[in-house]
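Student: Before anything else, here's the structure in question.
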Amino acid sequence: MLIDIKGIDICINDRKILGNVHFRVDKNEFIYIIGRVGSGKSSLLKTLYAELDFEGGEARVLDTDLSKLRTKHIPELRRQLGIIFQDFTLLQHRTISQNLDFVLKATGWKQRSEREQRIKEVLEQVEMSAYQHHYPHELSGGEQQRIAIARALLNKPQIILADEPTGNLDNETGERIVRLLRSLTESGTAVVMVTHNRQYLSRFPGIVYHCANGEIHEVKDQTFVKA
């Protein structure tokens, strides 16, 4: 089990956002987290990568007990996760290759030849090899999000956490991004994606969790998924 959450409460400034959370992720799984704005979707992701604290219960991510995780060890956990945001967060004054190289250097890749090879591999994976010398502002939103996915793949994570990765994209481009993320599960990577777009749920089937009224539950009702 890559993620195993049992009975935790997620709070911000003493206000409970989600209570009695049970949430599990295993290899190859593609998981949606849906719900209205402010329902706790992003708060759950932030808890998984140790940005938010929690109370009670048990929480393990990649065999790490989050309740015992020291601050100095948080970067080590995050290096094992691929995290994708809605706003791309690319460095605007660096080329795509330089953006990716910056991350590799920061996560301990010392050999230039190995970094160059890894950059080549991830750009091929997201079909963006021709853009390595471009700057972010020269790319469309969908192309920038593909680079953000490539960046998340650099350290060969077992889990991808994607927070509204299609939120700033048109429907057609958004579907391409979801299709790309869905394809990553074929190699064993698990993907957890926050989205408000229910159309994806029937087009790209996966496990669905719904946040509402301070709780999160797995959705079994297919009529809900297809709504």
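The values are calculated or read from the model by the stated rules, or taken from the named source; none is laboratory data. Just so we're clear, the structure is a prediction, and the values are computed from it rather than from any experiment. A quick note on method: Cβ atoms are made from the backbone with ideal geometry, for glycine too, and the neighbour counts reach across all protein chains shown.
Student: So, in the range 107-140, of the ones that are hydrophobic (A, V, I, L, M, F, W, C) and closer than 25 Å to Arg182 by Cβ, which residue ends up surrounded by the most Cβ atoms within 10 Å (Cβ to Cβ)?
Tutor: We begin by selecting, within the range 107-140, every residue hydrophobic (A, V, I, L, M, F, W, C); these are 109, 119, 122-123, 126, 128, 130, 139.
Still in the running and closer than 25 Å to Arg182 by Cβ: 119, 122-123, 126, 128, 130, 139.
On the way: Ile119: 24, Val122: 21, Leu123: 21, Val126: 22, Met128: 19, Ala130: 8, Leu139: 18.
For the range 107-140, the residue satisfying everything is Ile119.
Student: Still on this structure, please answer the following. Pairs please, first residue from the range 47-61 and over 13 Å from Val21 (Cα atoms) and in contact (Cβ under 8 Å) with a residue 40 or more places away in the chain, second anywhere and of a type in the set (Phe, Trp, Tyr) and surrounded by 13 or more Cβ atoms within 10 Å (Cβ to Cβ), Cβ atoms under 9 Å, 6+ apart in sequence or on different chains.
Tutor: Val61/Tyr49
Student: Among the candidates Ile5, Ile34, Ile17, Ile10, which residue alone is outside any helix (DSSP H, G or I), closer than 16 Å to Asp163 by Cα and modelled with pLDDT of 95 or more?
Tutor: Result of the check over Ile5, Ile34, Ile17, Ile10: Ile34.
Student: Tell me yes or no: at least one residue of the range 123-145 is of a type in the set (A, V, I, L, M), at pLDDT 95 or above and in contact with a Leu (Cβ under 6 Å, 6 or more places away or on another chain).
Tutor: Scanning the range 123-145, I find no residue that is of a type in the set (A, V, I, L, M), at pLDDT 95 or above and in contact with a Leu (Cβ under 6 Å, 6 or more places away or on another chain), so the answer is no.
Student: Same structure again: Among Glu127, Glu138, Glu218, Glu172, which is the only one that is under 29 Å from Val61 (Cα atoms) and charged (D, E, K, R)?
Tutor: Matching residue, one of Glu127, Glu138, Glu218, Glu172: Glu218.
Student: May I pose another question? Out of curiosity, is Arg179 of a type in the set (D, E, K, R) and surrounded by 18 or more Cβ atoms within 10 Å (Cβ to Cβ)?
Tutor: no
Student: Scan the helices (runs of 4 or more DSSP H) fully inside the range 115-227 and keep the ones with 2 or more residues being on the phi < 0 side of the Ramachandran plot and under 16 Å from the mean Cα position of the chain (by Cα).
Tutor: 141-153, 171-184
Student: Let me ask another. Give the range 59-94 a look and list any residue that's surrounded by fewer than 14 Cβ atoms within 10 Å (Cβ to Cβ) and part of a strand (DSSP E or B), or say none.
Tutor: Listed by number, the list holds a single entry, Asp65.
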